[in-house]
Number of protein chains: 6
Amino acid sequence: MEDWLTSLQTDTPQQGFELALKLARKGVAYTQTSADVREKLRPEYAENADSLTMASHVVATHFQTVAAANNYWK
Amino acid sequence: MEDWLTSLQTDTPQQGFELALKLARKGVAYTQTSADVREKLRPEYAENADSLTMASHVVATHFQTVAAANNYWK
Amino acid sequence: MEDWLTSLQTDTPQQGFELALKLARKGVAYTQTSADVREKLRPEYAENADSLTMASHVVATHFQTVAAANNYWK
Amino acid sequence: MEDWLTSLQTDTPQQGFELALKLARKGVAYTQTSADVREKLRPEYAENADSLTMASHVVATHFQTVAAANNYWK
Amino acid sequence: MEDWLTSLQTDTPQQGFELALKLARKGVAYTQTSADVREKLRPEYAENADSLTMASHVVATHFQTVAAANNYWK
Amino acid sequence: MEDWLTSLQTDTPQQGFELALKLARKGVAYTQTSADVREKLRPEYAENADSLTMASHVVATHFQTVAAANNYWK
């Protein structure tokens, strides 16, 4: 796999949040390596409230890591 | 996307809690970008106890981050 | 919304636990703002083992935050 | 409610684990205050693998808190 | 119950991971005290992908604690 | 079991993420020791959005540990 994660440091909290999103998606992509299948699954969860909440929870967990890595952008 | 997160610092714990709520919702909004669809899903989870508990869990996870960023407002 | 969270500091661990409970419930109340609806949902989860476990998990997550804020009442 | 949590300090890691269990159960008991109902729900989850795993997760979350409070019994 | 947890310190990360597994199982065993019932439930979750993922999550949560207790075996 | 985890230190964040994936899978493998059964379960969760999200959550939890072990690769 190509290099996709060279640092946890970001300039702003928002970029850190977006990095957390990327980490959450990569956690899926390493398990389901087919982009086609992932695309096919998208409607299934993007229109289901609980699925979206679960996805948001993964982002929250990664955001803890990224925020700590950036000393909370203090 | 416009700037929506420039700092994790808040004046009070309550504002920090409300920021955690915002982060939880943004985690959903980045995945389901249509505000219309999100609005349509709202009754589905806002009247389901487990869905609300799951949503509250995401808020709790973000609140850990925000509270740490504010040194727990000590 | 009125002021409901002015500090994470509590005198005792038990008060901290009860604050964690309050935070968990507020996470629900911000999403489902109708107290009537929340009351109607109560039997649904208060008599379901998994729902109670999920709710207890949210409390546990908040209790981590409150305990850290109080330096574990050492 | 009577005093049930006066300290997070324990003499041994095992006592800390047992305190985590107590905290997990209290998280349930504050929501479902009837001991009779809780007892009735017991078979439902004590013989369901996923329910037991969920309960074990709550204990794990509280054990993080208790272990930190005791500086990991180092 | 006999002594089963006298220290969170381990010699290697792998032993720490195995301690995390033990803690996850103990979280179940304290709730379902019958080894026979636990054995009967085993096929139910050992052949279900989501059950295994849930169990792995509990291990991950305990591994955070054990790793911190060992200063990450640095 | 052979030695599979001798250190949490990695050279890059990406290698740390891949270690987190390995830890998540090991958490499953210790419970379901048959590689054949695990292989049989794979399609079940690799084509289910919620299962993938759950798996990604376990990775996120382990990534917190690995990132802390590496002082966030600062």
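For the range F:1-36, the candidate set comprises residues that are touching a residue at least 40 places away in the same chain (Cβ under 8 Å) and surrounded by fewer than 19 Cβ atoms within 10 Å (Cβ to Cβ); within that set, the residue that is nearest to residue E:72 (Cα to Cα) is F:9.
A count restricted to the range D:21-74 and to residues that are under 29 Å from residue C:71 (Cα atoms) and charged (D, E, K, R) stands at 4. Scanning the range D:37-74 for residues that are at the interface with chain E (Cβ under 8 Å from one of its Cβ atoms), buried (at least 24 other Cβ atoms within 10 Å of the Cβ) and over 13 Å from residue E:28 (Cβ atoms) yields D:61, D:63, D:67.
Listed by position, the helices (runs of 4 or more DSSP H) enclosed by chain C that each have at least 2 residues that are closer than 24 Å to residue A:61 by Cβ are C:13-29, C:49-69. For residue C:15, the stated conditions hold: it is under 23 Å from residue D:64 (Cα atoms), more than 7 Å from every other protein chain (Cβ to nearest Cβ) and under 15 Å from the mean Cα position of the chain (by Cα).
The numbers here are math on the coordinates, done by the rules we state, and not lab data. The model shown is predicted, which means the values in this text are computed figures rather than measured ones. When we count neighbours, we look across all protein chains shown, and the Cβ atoms used for this are built from the backbone with ideal geometry, even at glycine.
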